[in-house]
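The values are calculated or read from the model by the stated rules, or taken from the named source; none is laboratory data. Every value quoted in this text rests on a predicted model; they were computed, and no experiment measured them. In this analysis, Cβ positions are derived from the backbone assuming ideal geometry, glycine residues included, and neighbour counts consider all displayed protein chains.
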Amino acid sequence: MKKVFIVHSKQLLNEALKHEKELRVDCYIPGRDTPQTHGDQILPANLKAMKECEEVHVFWDGGSLGTVFDMGMAFALGKPIKPVMLVEGRDWREYFRSKIGSTISN
């Protein structure tokens, strides 16, 4: 069965949950599924879950660094990244280019 990792900014958790219902597939949503109490435990939990998923869907407010980190992790793992809700005028590829000078392909 297909599994989707839904990356989301904190304030877009409800949008991620709605998206899960629309997809009707097994989803991992960090704001719900990853214990958020200890920062040093969030990364390994998200990495493990992301490795088990076929693709990554993104809900990003344009500023959440945790979301950017998770998108970078998805990119590094070679996961297909599907932007679902991005703040208008903000593209994650442009964000990476502006912040780290990467040569990310379109």
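Within segment 1-48, take every residue that is hydroxyl-bearing (Ser, Thr, Tyr) and assigned to a loop (DSSP other than H, G, I, E, B) and give me the one that is farthest from PHE75 (Cα to Cα).
Looking only at segment 1-48, we keep the residues that are hydroxyl-bearing (Ser, Thr, Tyr), and these are 9, 28, 34, 37.
From the residues that got through so far, the ones that are assigned to a loop (DSSP other than H, G, I, E, B) too are 9, 34, 37.
Values: SER9: 17, THR34: 20, THR37: 26 Å.
Among them, the one singled out is THR37.
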Might you check whether a residue that is in contact with a strand residue (DSSP E or B) (Cβ under 6 Å, 6 or more places away or on another chain), at pLDDT 90 or above and surrounded by 15 or more Cβ atoms within 10 Å (Cβ to Cβ) occurs anywhere in segment 80-95?
no
Every residue in segment 45-68 that is touching a residue at least 12 places away in the same chain (Cβ under 8 Å) and over 13 Å from PHE5 (Cβ atoms), please.
TRP60, ASP61, GLY62, GLY63, SER64, GLY66, VAL68
Restricting the search to segment 1-57, which residues are surrounded by 15 or more Cβ atoms within 10 Å (Cβ to Cβ), among the hydroxyl-bearing types (Ser, Thr, Tyr) and farther than 18 Å from VAL84 by Cβ?
THR34
